[in-house]
Amino acid sequence: MQRHRESQTLPIVIAGAGPVGCCAALYLAQQGFSVTLLEAEPELPMDLRASTFHPPTLDLLDRVGLTERLIPQGLVVREYQFRERSTGTSARFNLSHLRGETDYPYRLQCEQYKMTREVVKLLGSHANVRFMSRTKVIGFRELNDGVRVLTFDGKQETVLNASFLIGCDGANSRIRQASATPFPGLTYPELFLVVSTDFPFEDHFHGLSWVNYVSDPEEWCVMLKTPEVWRVQFPTPVSATPEHLLSDEYIQGRLKRLCPHGSPYSIRHRTLYRVHQRVADSYRPGRRVVLAGDSAHVNNPLGGMGMNGGIHDAFNLCEKLVDVRNDQIELDVALDLYDAQRRQICIDVIQRQTIRNKQLLEGSNKAVQLERQRVLMDAASDPARQKAHLMESSMINCLRHSYAIGLPS
């Protein structure tokens, strides 16, 4: 045990200052660990992909003092809906049904970069934290009591000595690749296009919620409101070139089909990206090396489960590292349990649910689409069924069930 105690004088190195890496760094810093947080970019990425914080995620973030900082910067969403474009019908789900299950019975629409910036501000008050930008992990070597982490800052390589290495360095994780951990799954053939505009869609659609999943046999879409803009996500034709899909002509055409408008739309932001459904074969590729967030799993963004699931990874993992330090559980038992809990829940729930979310919106058979809409509307009309749906879609059940995996029955 003395050897373990000595290893704790070394910092925990976290690769990637996205939402997952930042949450892990803040949690561990508040628990008294020495932390080195690495970010490959010169500044914190202003990533606009993820903007949804689910109720149980807000509960977790409250434990580290983040929720109260994010709410004023976001948009509180108490209802979301599934809309069927051809008929104009909508199935409305009210998150107030979750009262008593969470302290935050709503979704918060708040861009993820706002959270990472708040975390770095808070980390500045911790003497036990070192934040290094322009620094990425390019390899590692495990020792008996720690990890030697090879980093590169664009000019020279440096070796950092760490007690643990946490890979939060994204879907193309160098840590996962360096460990030769397989990342099986699939890549969707179509690209996803996200367009941000300040056009007031709420003035043109009756009863529009701040979050809307819009089905259509010809072209489904997702409409999300943030404090500054509407974000609209479309699938794109497989045969089209990226240059065409990002052109003003194509984007204006998609928006004007969604909501006819005489003047050109003001486009604030446009992004085109591939979407995957993949889960690493192990979240623990080494004895003291672990993966979390997109480094360990990626899924389509429908339902907002990717970033939220990654934040849940971070809290689960950090809780176990605290227990290891406090001699409440053996290292190998703790990290094997983390791997079992978070990987299994990702396979059984998050991957399955996000694939189903896509299936609910797409499909060329109008009769099938209308039947799916009827089922959703029936569920929304019954309080018990609506709450059951919300417990799943908000990830409350997902988070709770993960902690039961691998424990004695």
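Observations on the structure shown:
- Test result for Val322, modelled with pLDDT of 95 or more, more than 14 Å from the chain's Cα centre (by Cα), surrounded by fewer than 21 Cβ atoms within 10 Å (Cβ to Cβ) and closer than 23 Å to Pro19 by Cβ: yes
- The number of residues in the range 198-232 that are surrounded by fewer than 19 Cβ atoms within 10 Å (Cβ to Cβ), farther than 16 Å from Thr89 by Cβ and not aromatic (Phe, Trp, Tyr) comes to 9.
- Ser125 being assigned to a helix (DSSP H, G or I), among the polar types (S, T, N, Q) and free of Cβ contacts under 8 Å to residues at least 24 places away in the same chain: no
- Matching entry among Ile138, Ile175, Ile166 (being more than 30 Å from His244 (Cβ to Cβ), under 25 Å from the mean Cα position of the chain (by Cα) and surrounded by fewer than 20 Cβ atoms within 10 Å (Cβ to Cβ)): Ile138
- Qualifying residue in the range 242-255 (condition: modelled with pLDDT under 95 and part of a loop (DSSP other than H, G, I, E, B)): no
- Flag if Ser96 is farther than 28 Å from Glu228 by Cα and loosely packed, with under 15 Cβ neighbours inside 10 Å: no
- The strands (runs of 3 or more DSSP E) falling completely within the range 133-190 that include 3 or more residues that are closer than 25 Å to Gly32 by Cα and either in contact with an Asp or Glu (Cβ under 8 Å, 6 or more places away or on another chain) or at pLDDT 95 or above (or both) map to 136-143, 146-152, 157-162, 164-167.
- The set of residues from the range 71-91 being under 13 Å from Gly207 (Cα atoms) and of a type in the set (S, T, N, Q) comprises Gln81, Thr89, Ser90.
- The single condition from (1) aromatic (Phe, Trp, Tyr); (2) closer than 26 Å to Gln31 by Cα; (3) at pLDDT below 95 that Phe82 fails is (2).
- Matching strands (runs of 3 or more DSSP E) fully within the range 1-111 where at least 2 residues are within 30 Å of Leu370 (Cβ to Cβ), acidic (Asp, Glu) and more than 16 Å from the chain's Cα centre (by Cα): 79-84
- Test: Cys398 is surrounded by 22 or more Cβ atoms within 10 Å (Cβ to Cβ), under 15 Å from the mean Cα position of the chain (by Cα) and outside any loop (DSSP other than H, G, I, E, B): yes
- Scan of the range 27-45 for residues that are over 19 Å from Ile175 (Cα atoms), at pLDDT 95 or above and touching a Cys at 6+ places or on another chain (Cβ under 9 Å), ordered by number: Tyr27, Leu28, Gln31, Phe33
- From the options Val333, Val322, residue that is in a helix (DSSP H, G or I), β-branched (Val, Ile, Thr) and more than 28 Å from Met115 (Cα to Cα): Val333
- Hits in the range 55-65 - residues which are touching a Cys at 6+ places or on another chain (Cβ under 9 Å) and either of a type in the set (Ser, Thr, Tyr) or closer than 17 Å to Met395 by Cβ (or both): Pro56, Leu60, Leu61
The values are calculated or read from the model by the stated rules, or taken from the named source; none is laboratory data. Values in this document were obtained by computation on a predicted structure and should not be read as measured data. Note that we place each Cβ from the backbone using ideal geometry, even for glycine, and neighbour counts take in every protein chain shown.
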